[in-house]
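Asks: This structure is in structure tokens; I'll ask about it shortly.
The values are calculated or read from the model by the stated rules, or taken from the named source; none is laboratory data. Treat the numbers as computed from the prediction; the structure is a model and nothing was measured. When we count neighbours, we look across all protein chains shown, and the Cβ atoms used for this are built from the backbone with ideal geometry, even at glycine.
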Amino acid sequence: MRELPDVLKDWEAVIGLEVHCELTTLETKMFCGCPNTHDAEPNANVCPVCLGMPGALPVPNKAAIESIVRAGLACNCEIQKHSMFYRKHYFYPDMAKNFQTTQGPVAFCMYGHLDLDVAGEGAAERPDGTGVDKAADGSYTTPVRILRIHMEEDAAKMNHLGGEEGRITSATESLIDYNRCGTPLTELVTEPDLRTPEEARLFMEKLRRIYLTLGISDCSMEHGSMRCDGNVSLRRRGETRLGTKTELKNINSFKSLHDGLAYEICRQAEVLEEGGVIYQETRHWEPSRRRTVVMRVKETADDYRLFPDPDLAPYDLTDEFIAHCAAEIPELPDAKRDRYMADFGLKRADAEQIAGDPDCAAFFEEAVAGETTKGAATVANVIVNDLTGYLNAAGIAISETSITPAQVKSLADLLASDAISSNQGREVFGLMAESGDDPAAIVDARGMRQVSDTGALEPIVDAVLARCGEQVEQYRGGNKRVVGFLVGQCMKDSKGKGNPKLFNQLLTAKLEA
């Protein structure tokens with residue numbers, strides 16, 4: 001298990017998340033008919049309602065309510081039939097009416113949970129004996145309770161020009177774009193059940209996969225449609241009382257969430273070890289300097305003067321409405337992952353990656369229609385390694401590529417039948433992406449099909465063994481890795497056309513004999 005820094009060995013982190021997600025797939029804003037898009041010219045998509053003009057009355061977006069109910073059901077929440085909107089008061093330029101319309105003590109979705117599967121290096125972040133049973137390989141599953149998922153409206157976007165990073169100074173010029181003001185926004189609040197930065201990152205990733213599958217948001221952390229606040233406190237290991245928490249505000253990437261929490265945990269531990277005091281405050285993560293800095297002292301609920309919004313009637317959701325929302329939920333990522341593993345024999349990591357992206361899952365299923373287990377596993381390998389790498393390098397989504405499922409299937413067939421090697425497969429993929437030609441046609445045009453005829457390869461193996469007596473003795477002396485050198489010699493003699501797997505098998509059989 002990875003060693004903890006000395007300063008953390010006596011301290012346990014307690015982490016809770018507040019995840020904000022804009023419902024970007026809706027056509028209009030939460031309480032008015034303005035277009036729900038941020039791509040227009042600044043302050044073009046605004047009206048008296050989202051600007052809070054006197055006499056303007058809000059009208060709720062029914063599609064937004066349907067979206068949040070589907071999100072709650074997918075996160076195992078209890079859907080509350082009776083709830084209402086409140087006014088959360090604060091004075092800041094990003095909210096022209098000086099209050100935010102949000103939900104009060106009872107939200108549309110309450111008391112849910114998601115289970116996290118933690119493995120690999122991430123599992124090593126949580127020491128044994130801290131509330132989970134670890135498997136022999138160190139992996140574990142831990143439930144994360146969800147207190148609520150409530151609906152609110154987003155604030156305007158502020159651009160601060162000049163000044164220091166993350167700080168507003170006298171040299172700062174601030175610009176405001178109210179196009180985002182009034183955008184339907186969900187906020188998911190977890191209980192303080194997370195214990196490591198890795199668990200927090202995995203929770204965010206899992207939630208993003210669910211929301212993408214539901215089709216309620218594009219979940220772009222880069223563009224701010226999904227962002228997160230992390231609350232973290234420390235306590236002595238074995239204690240149950242919570243310590244004083246700090247909040248990391250507006251985290252906009254998985255890496256920043258992990259790194260910001262890791263820094264803040266170490267910072268608090270050092271302060272407490274020296275006898276200092278942790279203050280309840282909001283802090284900002286500076287990635288370039290790899291540190292958190294104070295933004296402001298944390299407000300309490302009383303500071304917002306919450307009261308029911310007199311312009312919005314209470315909600316009474318019917319059983320029929322909730323059943324309609326439930327019927328609209330597609331197969332969720334975990335269930336799809338398990339089906340891919342059971343039906344196609346995919347490795348868990350490959351199945352999870354493909355199932356977590358609806359467009360990628362649709363691409364995969366079209367490519368493997370009627371396919372056998374071996375063929376499907378090869379298709380998945382091409383998608384996870386070659387196609388994903390190509391898309392990342394090109395900076396495009398799978399829905400934007402000209403590469404088709406049929407082309408990926410053709411390439412996978414060549415690899416599964418050992419017509420080409422894995423190295424050749426990567427070369428063929430690049431040529432396919434560049435030209436748009438079928439992989440089989442590329443292979444035939446370039447004479448790339450590898451020889452898998454034992455009768456043709458055996459003389460090459462015999463010749464290599466005859467001239468590499470030193471390596472043969474090394475192998476028989478216990479150095480099994482030398483077979484890689486011998487395979488390389490066979491490939492050289494066959495001018496790269498021999499099947500390396502078959503060469504390896506023939507060499508091993510003869511050496512062992």
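Asks: Could you run through the range 245-265 and say how many residues are more than 22 Å from the chain's Cα centre (by Cα) and assigned to a loop (DSSP other than H, G, I, E, B)?
Replies: 1
Asks: If you don't mind, another one. Only one of L234, L242, L185 is over 16 Å from V19 (Cβ atoms), among the aliphatic types (A, V, I, L, M) and not in a loop (DSSP other than H, G, I, E, B). Can you tell me which? Give the derivation first.
Replies: On the way: L242 fails: not in a loop (DSSP other than H, G, I, E, B); L185 fails: over 16 Å from V19 (Cβ atoms).
One residue alone meets the criteria, L234.
Asks: Something else now. I need the full set of residues from the range 381-400 which are surrounded by fewer than 15 Cβ atoms within 10 Å (Cβ to Cβ) and either under 18 Å from F364 (Cα atoms) or over 24 Å from the mean Cα position of the chain (by Cα) (or both), in order please. Before you say what the answer is, go through the steps one by one.
Replies: So the first thing to find is which residues in the range 381-400 are surrounded by fewer than 15 Cβ atoms within 10 Å (Cβ to Cβ), and the list is 389, 392-397, 399-400.
Once the filter is applied, which keeps residues that are surrounded by fewer than 15 Cβ atoms within 10 Å (Cβ to Cβ) and either under 18 Å from F364 (Cα atoms) or over 24 Å from the mean Cα position of the chain (by Cα) (or both), the range 381-400 yields G389, N392, I396, A397, S399, E400.
Asks: Further question on the same structure: Within the bounds of the range 285-302, is there any residue that is polar (S, T, N, Q), farther than 24 Å from E152 by Cα and assigned to a loop (DSSP other than H, G, I, E, B)? Break it down into steps so the answer makes sense when it comes.
Replies: Going residue by residue through the range 285-302, those that are polar (S, T, N, Q) are 288, 292, 300.
In the following step, the residues that additionally are farther than 24 Å from E152 by Cα were identified as 288, 292.
Add one more test, that the residue is assigned to a loop (DSSP other than H, G, I, E, B), and what stays is 288.
Looking for residues that are polar (S, T, N, Q), farther than 24 Å from E152 by Cα and assigned to a loop (DSSP other than H, G, I, E, B), one finds at least one in the range 285-302, hence yes.
Asks: For V297, only one of the following conditions fails: (1) buried (at least 17 other Cβ atoms within 10 Å of the Cβ); (2) among the aliphatic types (A, V, I, L, M); (3) over 30 Å from Q407 (Cα atoms). What is its number?
Replies: V297 satisfies every listed condition except (1).
Asks: Test each condition in (1) under 30 Å from A377 (Cα atoms); (2) surrounded by 15 or more Cβ atoms within 10 Å (Cβ to Cβ) for I322 and report the one that comes out false.
Replies: (1)
Asks: Checking the conditions here, which among L51, L73, L8 is farther than 30 Å from L175 by Cα and either at pLDDT below 95 or in contact with a Cys (Cβ under 6 Å, 6 or more places away or on another chain) (or both)? If you could, list the steps in order and put the result at the bottom.
Replies: Numbers: L51 fails: farther than 30 Å from L175 by Cα; L73 fails: either at pLDDT below 95 or in contact with a Cys (Cβ under 6 Å, 6 or more places away or on another chain) (or both).
Criteria check complete, one pass: L8.
Asks: Looking at E152, E121, E125, can you tell me which residue is assigned to a strand (DSSP E or B), of a type in the set (D, E) and assigned by TED's automatic domain parsing to the domain that holds A56? Steps first, please.
Replies: Numbers: E121 fails: assigned to a strand (DSSP E or B); E125 fails: assigned to a strand (DSSP E or B).
Matching residue, one of E152, E121, E125: E152.
Asks: Any chance you could count how many residues in the range 406-423 are assigned to a helix (DSSP H, G or I), surrounded by 22 or more Cβ atoms within 10 Å (Cβ to Cβ) and either modelled with pLDDT under 90 or in the same structural domain as K501 (by TED's automatic domain parsing) (or both)?
Replies: 0
Asks: Could you check, for the range 449-462, whether at least one of its residues is within 27 Å of F363 (Cα to Cα) and either out of contact with any strand residue (DSSP E or B) (no Cβ under 7 Å at 6 or more places or on another chain) or modelled with pLDDT under 90 (or both)?
Replies: Yes - at least one qualifying residue is present in the range 449-462.
Asks: Pairs, please: C-beta under 6 Å, at least 6 apart or cross-chain, first residue modelled with pLDDT under 80 and in the range 298-314, second among the hydroxyl-bearing types (S, T, Y)?
Replies: Note: pairs meeting the criteria are K298/T282.
Asks: If I go through the range 387-405 residue by residue, how many of them are small (G, A, S), part of a helix (DSSP H, G or I) and either touching a residue at least 12 places away in the same chain (Cβ under 8 Å) or farther than 16 Å from D357 by Cα (or both)? Show your work before the answer.
Replies: Step one: of the range 387-405, the residues small (G, A, S) are 389, 393-395, 397, 399, 402.
Then keep just the ones that are part of a helix (DSSP H, G or I); that gives 389, 393-394, 399.
Now drop any that are not either touching a residue at least 12 places away in the same chain (Cβ under 8 Å) or farther than 16 Å from D357 by Cα (or both), which leaves 393-394, 399.
Residues in the range 387-405 being small (G, A, S), part of a helix (DSSP H, G or I) and either touching a residue at least 12 places away in the same chain (Cβ under 8 Å) or farther than 16 Å from D357 by Cα (or both): 3 in total.
Asks: Do we have I329 as under 26 Å from G215 (Cβ atoms), part of a helix (DSSP H, G or I) and among the β-branched types (V, I, T) here? Before the answer, list the steps.
Replies: On the way: under 26 Å from G215 (Cβ atoms): yes; part of a helix (DSSP H, G or I): no; among the β-branched types (V, I, T): yes.
Judged against the criteria, I329 is not a match.
Asks: Something else now. Just for strands (runs of 3 or more DSSP E) wholly inside the range 1-113: which have at least 2 residues that are small (G, A, S)? Even if it seems obvious, please write down each step before you answer.
Replies: Details: elements: 11-22, 85-89, 99-103.
Counting at least 2 such residues, we get 11-22.
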